[in-house]
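Okay, structure first, notes after.
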């Protein structure tokens with residue numbers, strides 16, 4: 001999807017980039033069989049809601065994992081095209097879905113997962129030992145994700161307009177709520193979520209927006225609330241993307257606000273939130289984490305002459321994976337080659353900075 005060539009095999013041109021930017025407003029970040037944001041450099045991703053590995057992918061398709069296949073790389077590479085062509089072909093907002101074949105849209109809860117493809121993984125044994133139509137091991141699938149849209153009203157037209165504006169976020173199945181604003185004239189976050197939103201629209205841009213040429217570093221305000229029926233929140237992070245002199249994408253992850261009284265270590269790494277999951281009962285407790293988080297971050301490394309993007313990632317505290325619920329309900333051992341717990345999460349659409357505007 002992110003090759004440096006168009007469909008005729010020619011290098012991407014400004015016209016091609018404008019065409020993609022016009023029609024491709026959003027991209028699916030996650031579904032039942034894959035998460036497209038990133039992958040560990042080797043081995044299995046840690047504590048993600050989906051566990052498809054390089055080995056599993058090669059087993060079924062003969063392909064390898066490369067950073068160029070993932071949204072995290074592509075949206076950042078788009079900055080290079082923006083600088084060189086004047087248009088970003090990968091200026092994507094983020095959404096998600098299930099891609100299941102059960103006729104069960106939004107059935108994404110880990111604790112009642114019944115499979116995704118009818119008889120292919122509709123039984124306990126099939127989910128633990130089988131494959132789904134020859135393209136993935138059933139135990140490595142996941143219930144899928146949800147799209148969320150900030151629209152002015154609950155109408156088809158308003159939701160469509162918000163999607164076109166990329167004012168969207170995606171979750172790994174949990175019903176977290178996320179707000180994200182940025183701007184050079186945006187001040188510190190209010191302690192009131194409503195005021196944070198009002199200030200964000202008045203003095204900045206929301207997720208999916210673009211900050212034009214600025215003489216000073218932009219400030220970003222973030223807010224997230226837990227799923228009312230789910231787990232507490234661990235932290236809110238901002239991922240900053242930029243490209244080097246060769247056009248190669250780079251990024252860094254910033255912990256903006258977090259639960260509890262944890263302190264970053266000497267290298268700036270925040271300790272884990274902890275884990276309350278009882279693997280014998282497939283239960284967890286909201287005795288750690290926070291139901292709501294709100295914070296502010298100003299980019300200390302801002303270069304007003306360089307393109308950049310920023311997006312939010314919200315993490316929940318660990319909770320049981322669907323395979324753990326299946327095992328406990330049926331008095332079976334936990335599967336050893338998939339994670340027993342996950343940290344559900346949400347990703348906001350990016351906010352872009354462009355010195356060309």
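No lab work stands behind these numbers, since they all come straight from the coordinates. On a predicted model such as this, the values are computed, not experimentally measured, just so you know. Backbone-built Cβ (ideal geometry, glycine too); neighbour counts: all protein chains shown.
Hey, what's the Cα Rg ratio for the chain versus the globular rule of thumb, 2.2 N^0.38 Å?
Numbers: Rg = 20.5 Å, N = 357, 2.2 N^0.38 = 20.5 Å.
Here the Cα radius of gyration is 1.00 times the empirical estimate.
With the chain treated as a Gaussian network of Cα nodes joined by springs under 10 Å, which of 324, 98, 191 yields the largest mean-square fluctuation?
Its mean-square fluctuation being the largest, the pick is 191.
In nm, to one decimal, how far is the modelled label at residue 305 from the one at residue 265, with both set 7 Å along Cα→Cβ?
With each label placed 7 Å out from Cα toward Cβ, I get 3.8 nm.
Pulled fully out, how much extra length does the chain show between residue 102 and residue 22, if you take 0.36 nm times their separation in residues and subtract their Cα-Cα distance?
On the way: separation 80, 0.36 × 80 = 28.80 nm, distance 3.25 nm.
Length gained, residue 102 through residue 22: 25.6 nm.
Tell me the relative contact order for the chain as a rounded percent, counting alpha carbon contacts under 8 Å between residues six or more apart. Could the numbers behind the result be given before it?
Working: 835 pairs, mean separation 66.3, N = 357.
Normalised by residue count, the contact order of the chain is 19 percent.
Starting from the 7 Å offset along Cα-to-Cβ, what nm value, one decimal, do you get for the label separation of residue 216 and residue 84?
3.5
In units of 2.2 N^0.38 Å, what is the alpha-carbon radius of gyration of the stretch 125-266? Each step should come with its number before you reach the end.
Numbers: Rg = 19.0 Å, N = 142, 2.2 N^0.38 = 14.5 Å.
Here the answer is 1.31, to two decimals.
Rounded to the nearest 5, what is the percent of antiparallel bridges among the DSSP beta bridges in the chain? All intermediate terms of the calculation are to be shown ahead of the outcome.
Values: 54 of 59 bridges.
About 90 percent, rounded to the nearest 5.
Roughly speaking, what is the stretch gain from residue 254 to residue 1, that is 0.36 nm per residue apart minus the C-alpha to C-alpha distance, in nm to one decimal?
Taking 0.36 nm per residue and subtracting the Cα distance, the gain is 88.3 nm.
Going from the alpha-carbon gyration tensor of the stretch 234-279, what semi-axes, largest first and in whole Å, does one get by taking the root of 5 times each eigenvalue? Walk me through the numbers before you get to the answer.
Working: eigenvalues 169, 33, 18 Å².
Semi-axis lengths for the stretch 234-279 are 29, 13, 10 Å.
Arranged by the count of other C-beta atoms within 10 angstrom, fewest first, what order do 335, 233, 124 take?
In increasing order of surrounding Cβ atoms, one gets 124, 335, 233.
Work out, step by step, the length gained on full extension between residue 129 and residue 246: first 0.36 nm times the residue separation, then minus their alpha carbon distance; give nm to one decimal.
Result: 37.5 nm gained on full extension.
What angle do you read, to the nearest 10 degrees and between 0 and 90, between the alpha-carbon axis of helix 71-85 and the longest principal axis of the chain?
With both axes taken from Cα atoms, the answer is about 20 degrees.
Quickly rank 161-167, 214-220 as a protection proxy: mean count of other C-beta atoms within 10 Å, highest first. Present the calculation step by step, with values, prior to reporting the outcome.
Details: 161-167: 19.0, 214-220: 16.9.
The most tightly packed comes first, giving 161-167, 214-220.
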